[in-house]
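Chemist: Before I ask anything, let me first share the structure, which is written out below as structure tokens.
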Amino acid sequence: MTAQARSIPIQIPQTRLRAQALIALLVAVSVFFSSALRVEARGVPESFADLAEQVSPAVVNITTSTLIAQDTGPHPMVPEGSPFEEFFRDFLDRNGGDQPRTRRSSALGSGFVISEDGYIVTNNHVIEGADEIQIEFYDGIGVLDATVVGTDPNTDIALLKVEADEPLPFVSFGDSDLMRVGDWVLAVGNPLGQGFSVSAGIISARGRELSGTYDDFIQTDAAINRGNSGGPLFNMDGEVIGVNTAILSPTGGSIGIGFSMASNVVNKVVTQLKEFGETRRGWLGVRIQDVTEDMANAMGLDSTAGALVTDVPDGPAKDAGIQAGDLIISFDGQDVADTRELVRIVGDAEVGKTVRVVVLRDGATQTMKVTLGRREDAVAADTQTQPTVPQAPVEKTVLGMDLSELTDELRTDLGLDANATGLVVTDIDQASEAWEKGLRPGDVIVEAGQNRVTTVAEFEDRIAAARDGGRQSILLLIRRDGDPRFVALSVAN
């Protein structure tokens, strides 16, 4: 007999069928939502081509030219009364021997048009000291000469103007406060002279400070190099949300850490430059510092919020009755978190406006009415009253660098602003870490350990503080030809 396979029916309980169906449904829903989340998290544009095509016509290359005096070199030494004295004098006179020779120095940068009638935004350090400024446009317009409408060294912003025969393509400012870490951005500019280059990346961090009082930098990994300064950082809607200003680099090239001044800061500055040709920031007239945990405990405070008044010179605050030791906790209806926020909201306030300032004094709050002055006038007056005593610069070798404190002569030689501060690298050991990380003679060390340094002693104090704090390195803010960047140097003994 041939054996036949038997068909045996399998009985599956209904409850088990329902459980399997539920599991299958849950798996399907999970796959759907996880896929949706992956798409939303990536948010990767298929291409940046349309955006680049949209905004590029409003981005410009900037070339500046500056006339620099040069030493004519050594003159022949002729004994007084020698028969050759008159000969050499006549020879030098015929050849302009006593007249300083000059040469032209050129620099490159970027900018962007913000109105069809030719207003252009760039960095102040791109055009500072320039005799001639030329604007090269993306397509069809060619090269136009620009004039300076106004500058703001505090935020490193300048406003230029060109005259064109036809309306110019322009871009608008977006709201930088809406940007989040992880959002896509596009940088357009003139890196290393390679004009109209586009790079893409994301926002890496927000609210960065470099060295300015009004700093609010967006950090991005979009490639930014020398020549990108003054160029725009766009959001995906083609709005300018930052002005590319500085990079953090040990070599001088992009390593993916660039800084753009937030558009909400720039827009306010540009509005004032356009209207007045200068900035007009509110001035309260106090010297302040942040409250530490130890200070809060000693003062019996529940938090470190607020700005502690350390001094009240003659000015609006003194007239209103604010005293040293007062803790400013509110300004014009806005809570004050720290000194940086107070400086920002006071600077944004209208000159001449009367505001309410709430202070904490002896455990009780008091409200003062203060009529704000103008910060720029106060700074100018303070500068004029400072006695100037010429002193020989202090020079010393630290971390393999020969450092000199700035003098008026050095500022002139380096083409620096009269108010520039820091330490000049006059020479450097080529076997040192500083040389390896790109520092060179002529660089100016502005900050060490995120504190300004104006003397060699202050620099050594910052190094000692880093060592005492158990740190292996110290962060230096360096300026070269006006461009800022950070460099970390080892301080290990």
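The values are calculated or read from the model by the stated rules, or taken from the named source; none is laboratory data. Only a predicted model underlies this, so the values are computations on that prediction, with no experimental measurement involved. Backbone-built Cβ (ideal geometry, glycine too); neighbour counts: all protein chains shown.
Chemist: Could you please find all residues in the stretch 326-372 being of a type in the set (A, V, I, L, M) and touching a Pro at 6+ places or on another chain (Cβ under 8 Å)?
Modeler: Result: 370, 372.
Chemist: While we're on this one: Suppose we keep only residues that are of a type in the set (A, V, I, L, M, F, W, C) and not in a strand (DSSP E or B) within the stretch 252-267. Which one would you say is farthest from the chain's Cα centre (by Cα)?
Modeler: Per the criteria, the residue is 255.
Chemist: Every residue in the stretch 199-251 that is under 19 Å from residue 269 (Cβ atoms) and either assigned to a loop (DSSP other than H, G, I, E, B) or acidic (Asp, Glu) (or both), please.
Modeler: Listed by number, the residues that qualify are 209, 210, 211, 212, 213, 214, 215, 216, 229, 230, 231, 239.
Chemist: Conditions: (1) out of contact with any strand residue (DSSP E or B) (no Cβ under 9 Å at 6 or more places or on another chain); (2) among the acidic types (Asp, Glu); (3) over 30 Å from residue 184 (Cα atoms); (4) at pLDDT 55 or above. Residue 46 meets all but one. Number of the miss?
Modeler: Among (1) out of contact with any strand residue (DSSP E or B) (no Cβ under 9 Å at 6 or more places or on another chain); (2) among the acidic types (Asp, Glu); (3) over 30 Å from residue 184 (Cα atoms); (4) at pLDDT 55 or above, the lone unmet condition for residue 46 is (3).
Chemist: Quick check on the stretch 481-490. Is at least one of its residues on the phi > 0 side of the Ramachandran plot and not aromatic (Phe, Trp, Tyr)? Write out each step before concluding.
Modeler: So in the stretch 481-490, the residues on the phi > 0 side of the Ramachandran plot come out as 481-482.
Applying the additional criterion that residues be not aromatic (Phe, Trp, Tyr) yields 481-482.
The answer is yes, given that some residue of the stretch 481-490 is on the phi > 0 side of the Ramachandran plot and not aromatic (Phe, Trp, Tyr).
Chemist: Could you grab me the full set of residues in the stretch 215-252 that are under 12 Å from residue 483 (Cα atoms) and among the small types (Gly, Ala, Ser)?
Modeler: Residues satisfying the conditions are 227, 229, 230, 246, 249, 252.
Chemist: Of 172, 176, which residue is buried (at least 21 other Cβ atoms within 10 Å of the Cβ), polar (S, T, N, Q) and modelled with pLDDT of 95 or more?
Modeler: Going through 172, 176 in turn, the sole match is 176.
Chemist: Of all residues in the stretch 415-428, count the ones that are at pLDDT below 90 and not hydroxyl-bearing (Ser, Thr, Tyr).
Modeler: Of the residues in that region, 7 qualify.
Chemist: Here are 463, 428, 445: which of them is among the β-branched types (Val, Ile, Thr) and within 20 Å of the chain's Cα centre (by Cα)?
Modeler: After applying the criteria, what remains is 445.
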